[in-house]
Amino acid sequence: MDFNHQLIVDFFNALHEGDFTKMHYIYANDIAYFDPLHQYVNDEQVLLMWQCRIESCRSFSAEWSNIVDEGDGYYTVDVLLIYVSQRNKSIQLKLKSYLRIVDNKIAEHSDAYSIHNLCKQDRGWIGYWIGWNRMYQNRLKLEARKAFIKFVHNNA
């Protein structure tokens, strides 16, 4: 197992355990992150975003498999996040993580998943029927952004 592969395993172990200190040492100082719900987050706010996400859940775990070296420091990983949301809904979010490693640190990280699938699990029948709608998805993005800003303000 090469160093980059082990770095990715260490990152997902830290995510699973909620070890933000270890994640801090694995991420580059100028980390860039993107996902469909939280959009673009960078630098020190990435760790705060993960902390907000994990601490807002009643339980949280991460499972990963199939780490693929795409070349030039890019890797893909299949990830399953399993958690109980604030609405007390059990969520199993399948996603694809895209990572770029530069100088033995994760410099770029993006997660791809369907907001509609997330809505179906978290919002029930309403999410099933209108979770595909861009206006509804924008509302969820705004809720996530407000929760994140409140978390940052309370933990500053």
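Quick notes on this one:
- Single residue of region 90-105 satisfying the filter (hydrophobic (A, V, I, L, M, F, W, C) and surrounded by 13 or more Cβ atoms within 10 Å (Cβ to Cβ)) that is farthest from the chain's Cα centre (by Cα): Ile101
- Filtered by the rule that a residue be among the aliphatic types (A, V, I, L, M) and closer than 25 Å to Arg87 by Cα, region 55-74 gives a lone residue, Ala62.
- Whether a residue is surrounded by fewer than 17 Cβ atoms within 10 Å (Cβ to Cβ), outside any strand (DSSP E or B) and touching a Ser or Thr at 6+ places or on another chain (Cβ under 7 Å) was assessed, and His24 does not pass this test.
- Count of residues meeting criterion [at pLDDT 90 or above and not in a helix (DSSP H, G or I)] in region 132-156: 2
- Test: residue in region 53-68 that is in contact with an Asp or Glu (Cβ under 8 Å, 6 or more places away or on another chain), farther than 24 Å from Tyr25 by Cβ and at pLDDT below 90: no
- Filtered residues of region 30-54 (kept if in contact (Cβ under 8 Å) with a residue 40 or more places away in the chain and exposed (fewer than 15 other Cβ atoms within 10 Å of the Cβ)): Asp30, Gln39
The values are calculated or read from the model by the stated rules, or taken from the named source; none is laboratory data. None of these values were measured; they are calculated from a predicted model. In this analysis, Cβ positions are derived from the backbone assuming ideal geometry, glycine residues included, and neighbour counts consider all displayed protein chains.
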